[in-house]
1. Would you mind counting up the charge near residue 228? Only other residues with Cβ under 14 Å from its Cβ, with Lys and Arg at +1 and Asp and Glu at -1.
2. What's the carbon and sulfur percent of region 226-319's accessible surface, probe 1.4 angstrom, rounded to a whole number?
3. Could you work out the local net charge near residue 209, counting Lys and Arg as +1, Asp and Glu as -1, over the other residues with Cβ closer than 12 Å to its Cβ?
4. Ignoring everything but the protein chains, give the 1.4 Å probe accessible area of residue 47 in square angstrom, nearest 10.
5. What 222 nm value per residue comes from the helices of the chain, counting each DSSP H run with n ≥ 4 as -39,500 (n - 2.57) and dividing by all residues, nearest 500 deg cm²/dmol?
6. Among 180, 260, 30, whose Cα sits farthest toward the positive end of the charge dipole of the chain (+1 at Cβ of Lys/Arg, -1 at Cβ of Asp/Glu, about the Cα centre)?
7. Need the list of aspartates and glutamates near residue 61 for cross-linking: C-alpha distance under 13 angstrom, and skip anything on the same chain fewer than eight residues off.
8. For a quick check of understanding: with a 1.4 angstrom probe and all protein chains in place, what accessible area in square angstrom does residue 315 have, to the nearest ten?
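The values are calculated or read from the model by the stated rules, or taken from the named source; none is laboratory data. None of these values were measured; they are calculated from a predicted model. All Cβ positions, even for glycine, are placed from backbone atoms using ideal geometry, and neighbour counts span all protein chains on display. These accessible areas exclude ligands, DNA and RNA; they are computed on the full protein's heavy atoms, side chains included. Shrake-Rupley method; radii C 1.70, N 1.55, O 1.52, S 1.80 Å.
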Amino acid sequence: MKFNLYAWVFFTLMFSLQLSAQRNCATMDVHNHQLKSHPFMKINMEEIEKHTQEFIRKNPKGLSQRAVVTIPVVFHVVYDQANPIQNISDAQIQSQLDVLNQDFSATNTDFGSVPPLFSGVAANAEIQFCLAQRDPNGNATTGITRKASPKFFWDDPFTNIDDNNIKKSSQGGVDPWNPSNYLNIWICRISQSNTGIVAGFAQLPGGDPATDGVVLDYRVTGTIGTAIAPFNKGRTATHEIGHWLNLIHIWGDANCGSDLVNDTPIHDNANVGCPTHPHLSSCAGTPTEMTMNYMDYTDDACMSMFTTGQKARMHAVLA
């Protein structure tokens with residue numbers, strides 16, 4: 001009887017989260033705080049943007065000497081020792097890697113659902129990801145590290161946006177592997193709340209190497225296990241890695257703002273859920289918004305594309 005009660009409570013909480021969850025990406029909150037704390041970052045970003053614009057001028061379709069770029073990834077799973085459910089399986093991590101490789105190669109099964117209005121700019125980003133095979137010391141690795149922690153959750157970036165303790169072994173987290181050689185992805189429970197959860201955040205290019213990488217909540221990672229709808233298609237990682245590769249939100253983080261990409265329409269703000277196409281912007285000219293773009297806030301099942309212009313920005317950083 002006790003087991004059935006516990007099971008009922010667990011699934012009730014899971015269902016509640018499924019109904020009330022809203023996507024929250026803390027990337028820009030963390031970024032804006034970093035700009036205040038690290039003046040060098042603004043200078044770095046200005047230089048990166050100059051390089052980006054020059055690269056785009058020469059390579060408008062994002063092509064460089066290497067057509068496909070493969071990035072070694074290390075997943076750092078940091079879980080509450082009293083809640084082993086946070087210690088997600090290798091299979092769940094592999095499901096996330098599979099999604100990334102599909103989304104960044106336009107082989108995702110829903111790529112064909114891109115409306116004709118946008119199909120001409122929908123792009124194969126020609127970026128792939130593999131689990132690291134060697135650690136920084138040259139030893140064989142699975143590309144996955146695991147660490148038990150006394151923390152149930154790590155400080156919510158929305159309320160304590162200077163907190164990168166998950167990335168510090170001295171604070172109970174895990175130090176990043178050399179970001180020049182790896183994409184570091186930390187998996188943990190980010191925030192305490194079961195509703196309006198912080199799904200993830202990334203560091204934009206030009207920041208401190210000691211905090212470089214992406215952080216994902218264990219409830220939005222991959223497609224199986226602890227992944228909960230509407231964020232159970234692995235698209236949070238696709239969105240956050242887009243940030244890591246120098247993409248900003250499609251609405252430019254301002255009403256009718258610019259995302260610095262020429263082939264995305266102006267959005268008046270973030271979209272959530274699954275808007276019906278065509279969804280018109282209230283900005284000048286009332287353009288149809290690209291709600292299925294990975295850099296919007298729509299549900300995982302309603303995201304399906306990057307654009308050629310976004311691909312060019314990403315390849316500029318990789319170049």
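1. +2
2. C and S fraction of accessible area: 53 percent.
3. With Lys, Arg at +1 and Asp, Glu at -1, the net is -2.
4. About 100 Å², rounded to the nearest 10.
5. For the chain, the value works out to -9000 deg cm²/dmol.
6. Of 180, 260, 30, it is 180.
7. Here the aspartates and glutamates satisfying the reach criterion relative to residue 61 are 126, 263.
8. Counting only protein heavy atoms, the figure is 0 Å².
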